[in-house]
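**Q** Take a look at the following structure, please.
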Amino acid sequence: MTSTCIRRASIEDVPVLTEIRNDAHEKKVAHGDHAWGKEGDGFTQTWVLNSLSRREVYVVEQDGTPAGTFSLDWDDAEHWGPREPDAGYVHGICVRKGFNGRGLGRVSIDWCAKKVSALDRRFVRLDCDAKNTKLCAYYESGGFTRVGLKPTPNSGDYVWSLYEKLAC
């Protein structure tokens with residue numbers, strides 16, 4: 001039987017989180033999604049360490065092996081504008097090469113929904129490249145509704161697709 005657990009990331013996780021993020025970056029680029037940069041950009045350990053210092057970053061382990069990561073924020077004015085404190089914002093859902101297709105993204109989102117609900121917030125929100133139709137369809141199949149599109153100034157034609165669903 002496969003066991004999955006989610007725990008808060010620590011500084012000791014930086015090397016493996018960097019690897020996981022780069023695996024996910026490579027997959028995004030292969031789908032024409034350049035939200036995290038172009039081919040060859042990737043993430044550094046310094047970037048991951050800075051992320052750990054600014055937000056809640058989590059490790060998804062499957063059978064004791066770090067297999068994914070994501071972060072959960074309590075506001076996101078950059079993408080969503082000023083809002084009431086009624087949601088949790090999921091960012092950077094990543095799955096390590098070799099672990100795709102095992103449901104770890106859904107497990108992560110469901111875990112976030114429970115945490116959001118436990119804090120008496122109503123919504124789980126996330127965003128993605130509006131042109132990444134496969135990722136948009138994935139979120140929609142998981143119960144998310146597109147509630148807006150947000151163009152990114154000074155980024156050519158890049159548009160964020162904003163999604164939300166009710167927490168548990």
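**Q** In region 27-36, what count of residues is obtained for those that are more than 15 Å from the chain's Cα centre (by Cα) and surrounded by fewer than 18 Cβ atoms within 10 Å (Cβ to Cβ)?
**A** Applying the first criterion (more than 15 Å from the chain's Cα centre (by Cα)) to region 27-36 yields 29-32.
Remaining after also requiring surrounded by fewer than 18 Cβ atoms within 10 Å (Cβ to Cβ): 30-32.
Residues that pass the stated criteria total 3.
**Q** Answer yes or no as to whether Phe70 is under 18 Å from the mean Cα position of the chain (by Cα) and at pLDDT below 95.
**A** Details: under 18 Å from the mean Cα position of the chain (by Cα): yes; at pLDDT below 95: no.
Here the answer is no, as Phe70 does not meet what is asked.
**Q** So which residues in region 1-56 are among the small types (Gly, Ala, Ser) and in a loop (DSSP other than H, G, I, E, B), if there are any at all? Full working, then the answer.
**A** So in region 1-56, the residues among the small types (Gly, Ala, Ser) come out as 3, 9-10, 24, 30, 32, 35, 37, 40, 42, 51, 53.
Those that are among the small types (Gly, Ala, Ser) and in a loop (DSSP other than H, G, I, E, B): Ser3, Ala9, Ser10, Gly32, Ala35, Gly37, Gly40, Gly42.
**Q** Turning to a different aspect of this structure: Quick check on Gln45: is it farther than 28 Å from Lys150 by Cβ and crowded, with 19+ Cβ neighbours inside 10 Å?
**A** Details: farther than 28 Å from Lys150 by Cβ: yes; crowded, with 19+ Cβ neighbours inside 10 Å: no.
Judged against the criteria, Gln45 is not a match.
**Q** Does Ile11 satisfy the criteria of being exposed (fewer than 13 other Cβ atoms within 10 Å of the Cβ), of a type in the set (A, V, I, L, M) and touching a residue at least 24 places away in the same chain (Cβ under 8 Å)?
**A** Values: exposed (fewer than 13 other Cβ atoms within 10 Å of the Cβ): yes; of a type in the set (A, V, I, L, M): yes; touching a residue at least 24 places away in the same chain (Cβ under 8 Å): yes.
Yes.
**Q** What's the total number of residues in region 143-167 that are part of a loop (DSSP other than H, G, I, E, B) and free of Cβ contacts under 8 Å to residues at least 12 places away in the same chain?
**A** Initial filter on region 143-167 (part of a loop (DSSP other than H, G, I, E, B)): 143-144, 152-158, 167.
Among the residues that remain, those that are also free of Cβ contacts under 8 Å to residues at least 12 places away in the same chain are: 152-157.
Adding up the residues that qualify gives 6.
**Q** Hey, can you tell me all the residues within region 123-135 that are in a loop (DSSP other than H, G, I, E, B) and touching a strand residue (DSSP E or B) at 6+ places or on another chain (Cβ under 6 Å)? Outline the logic, then answer.
**A** Here is the first cut: in region 123-135, the residues in a loop (DSSP other than H, G, I, E, B) are 130-132.
Hit for region 123-135 is Ala130, nothing else.
**Q** Return the pair list, or none, for Cβ contacts closer than 6 Å from residues in region 80-99 that are surrounded by 13 or more Cβ atoms within 10 Å (Cβ to Cβ) and assigned to a strand (DSSP E or B) to residues that are modelled with pLDDT under 95 and aliphatic (A, V, I, L, M), at least 6 apart or on different chains.
**A** Going by the 6 Å Cβ cut-off, the qualifying pairs are Cys94/Ala24.
**Q** Going by what's in this entry, would Lys115 be described as touching a residue at least 12 places away in the same chain (Cβ under 8 Å), within 16 Å of the chain's Cα centre (by Cα) and surrounded by fewer than 15 Cβ atoms within 10 Å (Cβ to Cβ)? Lay out the reasoning, then the answer.
**A** Values: touching a residue at least 12 places away in the same chain (Cβ under 8 Å): yes; within 16 Å of the chain's Cα centre (by Cα): yes; surrounded by fewer than 15 Cβ atoms within 10 Å (Cβ to Cβ): no.
Taking the combined requirement at face value, the residue does not satisfy it.
**Q** Can you find a residue in region 105-119 that is touching a Leu at 6+ places or on another chain (Cβ under 7 Å) and at pLDDT below 95?
**A** As a first pass, look at region 105-119 and keep what is touching a Leu at 6+ places or on another chain (Cβ under 7 Å): 112, 115.
Then drop every residue that is not at pLDDT below 95, which leaves none.
Looking through region 105-119, none of the residues is touching a Leu at 6+ places or on another chain (Cβ under 7 Å) and at pLDDT below 95.
**Q** For the list (1) touching a residue at least 40 places away in the same chain (Cβ under 8 Å); (2) within 19 Å of Ser108 (Cα to Cα); (3) out of contact with any Gly (no Cβ under 7 Å at 6 or more places or on another chain); (4) not hydroxyl-bearing (Ser, Thr, Tyr), I need the number of the one condition that His34 fails.
**A** In the conditions (1) touching a residue at least 40 places away in the same chain (Cβ under 8 Å); (2) within 19 Å of Ser108 (Cα to Cα); (3) out of contact with any Gly (no Cβ under 7 Å at 6 or more places or on another chain); (4) not hydroxyl-bearing (Ser, Thr, Tyr), His34 misses (2) alone.
**Q** Looking only at region 1-44, which residues are among the hydroxyl-bearing types (Ser, Thr, Tyr) and at pLDDT below 90? Let's see the steps before the verdict.
**A** Of the residues in region 1-44, the ones among the hydroxyl-bearing types (Ser, Thr, Tyr) are 2-4, 10, 18, 44.
Scanning region 1-44 gives a single hit, Thr2.
**Q** Would you mind telling me which numbered condition in (1) aromatic (Phe, Trp, Tyr); (2) part of a helix (DSSP H, G or I); (3) over 24 Å from Gly42 (Cβ atoms) Tyr138 fails?
**A** Tallying (1) aromatic (Phe, Trp, Tyr); (2) part of a helix (DSSP H, G or I); (3) over 24 Å from Gly42 (Cβ atoms), Tyr138 fails exactly one: (3).
**Q** Can you pull out the residues in region 93-104 that are over 19 Å from Val48 (Cβ atoms) and in contact with a strand residue (DSSP E or B) (Cβ under 9 Å, 6 or more places away or on another chain)? Even if it seems obvious, please write down each step before you answer.
**A** As a first pass, look at region 93-104 and keep what is over 19 Å from Val48 (Cβ atoms): 98, 100-103.
Of everything in region 93-104, those that are over 19 Å from Val48 (Cβ atoms) and in contact with a strand residue (DSSP E or B) (Cβ under 9 Å, 6 or more places away or on another chain) turn out to be Gly98, Gly101, Arg102, Gly103.
The values are calculated or read from the model by the stated rules, or taken from the named source; none is laboratory data. Being a predicted model, the structure only gives us computed values, none of them experimental. No Cβ is skipped: glycine too gets one built from the backbone with ideal geometry, and neighbour counts run over all protein chains shown.
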